[in-house]
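> This is the structure I have questions about; it appears just below.
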Amino acid sequence: MAIERRDFLKLGAGALAFTLAAERAWAQASKIEVLWLGQSATRITTVSGKVIVIDPFLTQNPKTPAQYKNLDALGKVDLILVTHAHGDHYGGVDYLVSRYHPSVVMSEVDWQQTEEKLEFDSQHWGRPPKDDPGRDLRVKDGDKLALGDVSVTLNVTPGHTHGTISPTFDVRDGGRTHRVLLWGGTAFNFGNDIPRLQSYIDATERMARIAKAEGIDVMISNHAGYDGAIDKLAALRKGAASNPFVIGNDAVVRGLQVMGACGKAQRDRYLLEK
Ligand SMILES: [Zn+2]
């Protein structure tokens with residue numbers, strides 16, 4: 001299957017906005033800040049001072065630290081990445097867009113889902129984002145997002161939703177570079193849907209091949225309950241000898257194989273019940 005790859009810096013006005021000059025005070029400090037805001041929400045401030053927020057469900061989220069339930073406390077936002085079109089991931093987007101006018105990145109397929117029929121809805125999630133073609137990005141598998149000094153590959157891994165995004169990107173820790181896979185959607189909360197389960201299985205197999213080829217040695221989830229993030233952060237704070245998020249390439253590949261095996265077990269259970 002051919003994978004379409006595009007460079008966002010050539011896409012047009014919306015993307016070009018990200019190449020604006022770095023903000024000097026932050027750039028001089030030459031640091032990247034990753035601030036985890038509970039459950040799925042993460043704020044990344046790049047070396048050039050650009051702010052990316054992933055899955056900003058904050059105000060009604062019981063896991064959000066109290067000071068960040070007020071979205072004004074987040075400060076400015078240049079870009080929001082929504083891993084998939086469920087409200088515990090896009091919640092908060094409508095407010096942040098009206099306040100800071102960031103671009104919103106979601107897969108083409110999941111943008112369509114928010115425009116047609118939501119799979120789940122709750123009064124706590126706010127309204128799904130409304131695509132503004134001049135500002136937002138509807139991405140396809142393999143698209144790369146260049147935001148200042150950070151390059152993120154957007155892998156579409158269908159299953160949890162039809163257009164779930166699982167980004168891959170480099171990080172540095174203690175002078176070493178590691179490659180990260182953020183798995184964008186885990187649960188099978190769509191019932192007896194064999195083709196959808198198969199798409200999830202296929203996605204785990206494809207990402208296992210990519211993980212092996214690219215030497216991905218960190219796998220994180222967009223739900224902290226699935227990857228032990230809270231315990232790992234606590235270990236880091238206590239001065240763990242090695243970074244517990246760096247689990248090694250074999251463990252990442254095996255993790256994806258286990259996730260695929262869970263998908264197969266669920267698929268076969270439904271097939272046996274027929
Ligand atoms: Zn979900």
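Values in this text are rule-based calculations from the coordinates and carry no lab data. This one's a predicted model, so the numbers in the text were calculated from it and none came from an experiment. Note: ideal-geometry Cβ built from the backbone for every residue, glycine included; neighbour counts use all protein chains shown.
> For the chain, what is Rg from Cα atoms divided by 2.2 N^0.38 Å, rounded to two decimals?
0.99
> Work from the charge dipole of the chain (Cβ charges, +1 for Lys and Arg, -1 for Asp and Glu, about the Cα centre) and give the residue of Gly263, Val156, Gly228 farthest towards its positive end.
Gly228
> Tell me the trypsin sites (Lys or Arg not before Pro) within the stretch 28-71 that lie in a loop according to DSSP and have at most 12 other beta-carbon atoms within 10 Å.
Passing both the DSSP loop test and the Cβ count: Lys31.
> May I ask for the Rg/Rh ratio of the stretch 102-246, computed from Cα atoms with Rh as the Kirkwood radius, given to two decimals?
0.99
> Still on this structure, please answer the following. Pick out, in residue order, every one of the GluC sites (Glu not before Pro) in the stretch 113-180 that is DSSP loop and has at most 15 other C-beta atoms within 10 Å; say none if there are none.
Taking the stretch 113-180 and a limit of 15 other Cβ atoms within 10 Å, the loop GluC sites (Glu not before Pro) found are Glu116, Glu119.
> Something else: Once you put a point 7 Å from the Cα of Lys140 and another 7 Å from the Cα of Ser98, both along the Cβ direction, what distance in nm separates them?
3.4 nm
> Which order do Ser40, Ser98, Ser122 fall in if you start with the one that has the fewest other Cβ atoms within 10 Å?
In order of increasing Cβ crowding within 10 Å: Ser98, Ser122, Ser40.
> To the nearest Å, what is the center-to-center distance of the stretch 211-227 and the stretch 109-164, using C-alpha atoms only?
Taking the Cα centre of each part, the stretch 211-227 and the stretch 109-164 sit 20 Å apart.
> Then there's this: Would you list, by chain and number, the aspartates and glutamates whose Cα falls below 12 Å from the Cα of Lys140, excluding same-chain residues fewer than 8 positions away?
Output for Lys140: Glu4, Asp7, Glu108, Asp110.
> Can you sort Tyr270, Tyr68, Tyr200 by how many other beta carbons sit within 10 Å, fewest first?
Ranking Tyr270, Tyr68, Tyr200 by Cβ neighbours within 10 Å, fewest first, gives Tyr270, Tyr68, Tyr200.
> What fraction of the DSSP beta bridges in the chain is antiparallel, stated in percent and rounded to the nearest 5?
65 percent
> Taking the Cα centre of each part, how many Å lie between the stretch 165-187 and the stretch 89-108?
Spelled out, the Cα-based centre of one part sits 22 Å from the other.
> In terms of Cα to Cα distance under 13 Å, which aspartates and glutamates are near enough to Lys50, apart from those fewer than 8 places away along the same chain?
Filter leaves Glu23, Glu33, Asp78, Asp149.
> How large is the charge dipole for the stretch 127-274, taken about the Cα centre, if only the Cβ atoms of Lys, Arg (+1) and Asp, Glu (-1) carry charge, to the nearest 20 debye?
140 debye
> Helix-only estimate, please: 222 nm mean residue ellipticity of the chain, summing -39500 (n - 2.57) across DSSP H runs of length 4 or more and dividing by its residues, to the nearest 500.
Here the helix-only value at 222 nm equals -9500 deg cm²/dmol.
> Return a whole-number percent for the relative contact order of the chain, with Cα pairs under 8 Å and 6 or more residues apart as the contact set.
The value is 14 percent.
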